[in-house]
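The values are calculated or read from the model by the stated rules, or taken from the named source; none is laboratory data. All of these numbers come straight from a predicted model, not from anything done at the bench. A quick note on method: Cβ atoms are made from the backbone with ideal geometry, for glycine too, and the neighbour counts reach across all protein chains shown. All accessible areas refer to the heavy atoms of the entire protein, side chains included, with ligands and DNA or RNA removed. Shrake-Rupley method; radii C 1.70, N 1.55, O 1.52, S 1.80 Å.
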Amino acid sequence: MILNLIYTIGKYLGLFGLAYFIYVLYCVLVVPYLFWRKYRKYPNVKTQENFAPVIGDIVNEVTLVKQGKVHYEYRKDLGKELEKYDIRAKLDWWNPCFMILSNRALEEVIQLQKSCVDKQYVSYGLSAMIPHGFGIQKTNTKTIQRRKNVTTWLGLNGASKFIPHMVECCESILDNMEEEGTIDLMHEMNSLTFNVFVKIMLGDDINKLESTLYPYTNPDGKVENITLKEMLIRLTNAYVQHYINPLTFLMPFLNEYHLVNPYKRDYKNNQLFKKYIKEVVESSDNKDSIGKKFLNNEDCTPEQRLDDMIAIMVAGTETTSHSLVSCLYYLDKHPDIKEKLKKELEKEGFTKGEGFLASIGVDSIQNCTYLNCVIKETLRCDTVIQDSFDYECSKDTTICGVPIPKGSHFRVDLVSSHYDDKKWLQPKEFIPERFDFESEFYKKSKELGLTGGVYSRRSFGHGNRACPGQSFALLEMKIAIAYFTLHLEYNFSEEDLSKDGIGFALMSQFNPKVACKRK
């Protein structure tokens, strides 16, 4: 009887295994092939020349990394093809996905947001880190109001009162960099942006985060006591790695139910981080802090309040820190641009030392035309995130004449349009003057019709799901770059300065060590 039971169980397990194997083959080979065959016939849709299941863009990215280039370098070459292609039909491993390439396609997508296009929740990556955040939930009256709250609290008018905090954090980071001599620039900029944001979230209670250590489980299973700042940095990097883990797509239930590592470990760390950050904000003595406003927001559930706050922390620290590194790199690579920027700052009354804070304000920083151009050109040349979050269609539709079935998901390519040589003059060159209306370069670009339209600049997104913290991020970058331009002497390695294909966006393998000292 026992043998019969074992035989029966084995038989059904075998049948289940066979069925699952057939299902995987169908998902991995049949569905991608039918998708590729269908869309390769559309002249304005870019597909792979030959069907290549599973590998998708991975082969391009791995090849570039082996060549010593950043993994998204191939996106820049796509800019040359945007006049021909509106959409790219690609595979995320084996999942069909549409990439929005041309400005025309992007404009149509923005119009479709009013009817049948909305955010698609995916249960992996950064979406899994903040599943209740307004940035990845579908549009409704409550998510719209939550976005408006962020714009109000962190918009230019609201953020201007935090300028002294930003300057104070720059001074603190400069002291630390001067002590170290040769620094991990990415880590220092992460520290800067985290400190700025936490200062805004907690006010003077920031010391609680700087002095208290919390347990965090590392990939090797060992528990380490670290600050919440370090925990946020590690968590963000851990969840970003989910995008390139094949188990995420091959066996999604392992991730969705946190059954195995790294998903199980990351979920545990994430829940503890949320618990700790909530406790710190709730215990804050600053009743008017932005953190209190998030946690007291009655327009949403407790989970949504917490995820909204953490989403802004991730967006306001990780992305800005990477862009600051890119900007400092370009300024070091182009000393003439750095000198021109320094002269503008001095002309506008910015001074070194204690007088810097007295000389800076929203109006004075906004009057720095060239500083604004340098920031814009940095965001164009090294876009910190290569794709938007996922969108999906709630019904059959068309984009640029291409049929998009109900349930399809797509993202906006945020890099290729920045290198479209039919929209930009010399797109692969770092030339801030392209944004200066008074410069000869801009006038020449305008004559040639190569000034780049609104949809050619995609760093902060477009439409009703554009980044609500854009004004805050730009203000923070301007103040930090102005401060470091006047106060810091730094040098990237000659290898980095001469290297082709270098970049510092999220998931970049480049982590520059920079020699620095106070001016």
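Numerical summary
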quantity: Percent accessible area from carbon and sulfur atoms, the range 2-518, protein chains only, probe 1.4 Å; calculated: 54
quantity: Set of aspartates and glutamates with alpha-carbon distance to Lys142 below 19 Å, sequence-local pairs under 8 removed; calculated: Asp118, Glu298, Asp299, Glu303, Asp307, Asp308
quantity: In degrees, nearest ten, helix 470-487 long axis to first principal axis of the chain (Cα); calculated: 50
quantity: From phi via Karplus (6.51, -1.76, 1.60), per-residue ³J(HN,Hα) for the range 91-96 in Hz, x at Gly/Pro; calculated: 10, 8, 6, 10, 8, x
quantity: Mean separation of Cα contacts under 8 Å (6+ apart) over length of the range 44-185, as relative contact order %; calculated: 15
quantity: Overall form of the range 49-189 per C-alpha gyration tensor (a/c, 1.5; a/b vs b/c); calculated: oblate
quantity: Peptides ranked, highest mean first, by Cβ atoms within 10 Å: ranges 112-121, 25-34, 419-428; calculated: 419-428, 112-121, 25-34
quantity: Cα-centre dipole for the chain with unit charges at Cβ (Lys and Arg positive, Asp and Glu negative), debye to 20; calculated: 1840
quantity: Per-residue HN-Hα couplings for the range 507-519 [Karplus 6.51, -1.76, 1.60; θ = phi - 60°; Hz; x = Gly/Pro]; calculated: 6, 5, 7, 8, 9, x, 9, 10, 7, 8, 7, 6, 6
quantity: Three-way shape call for the range 3-71 based on the alpha-carbon gyration tensor, with the a/c threshold at 1.5; calculated: oblate
quantity: For the chain: rounded, prolate or oblate by the Cα gyration tensor [a/c cutoff 1.5]; calculated: oblate
quantity: Cα centroid separation - the range 423-473 against the range 121-174, whole Å; calculated: 24
quantity: Value of relative contact order over the chain, rounded to a whole percent, pairs C-alpha under 8 Å and six or more apart; calculated: 23
quantity: Contact order normalised by residue count of the range 212-281, Cα under 8 Å, 6+ apart, percent; calculated: 27
quantity: Cross-link reach list, aspartates and glutamates versus Lys444, counting only Cα pairs under 14 Å and skipping chain neighbours closer than eight places; calculated: Glu433, Asp436
quantity: Entries in Lys66/Lys333; Lys41/Lys423; Lys90/Lys264; Lys199/Lys352; Lys199/Lys376; Lys138/Lys395 that, when Cα-Cα distance is taken, lie over 19 Å; calculated: Lys66/Lys333; Lys41/Lys423; Lys90/Lys264; Lys199/Lys352; Lys199/Lys376
quantity: Members of Lys347/Lys478; Lys343/Lys517; Lys342/Lys428; Lys38/Lys69; Lys119/Lys443; Lys293/Lys342 lying beyond 27 Å, as alpha-carbon distances in this model show; calculated: Lys38/Lys69; Lys119/Lys443; Lys293/Lys342
quantity: Accessible solvent surface per residue of the chain, calculated while the other protein chains remain in place, 1.4 angstrom probe, Å²; calculated: 46
quantity: Environment charge of Ala466, counting only residues whose C-beta is closer than 11 Å and scoring Lys/Arg +1, Asp/Glu -1; calculated: +3
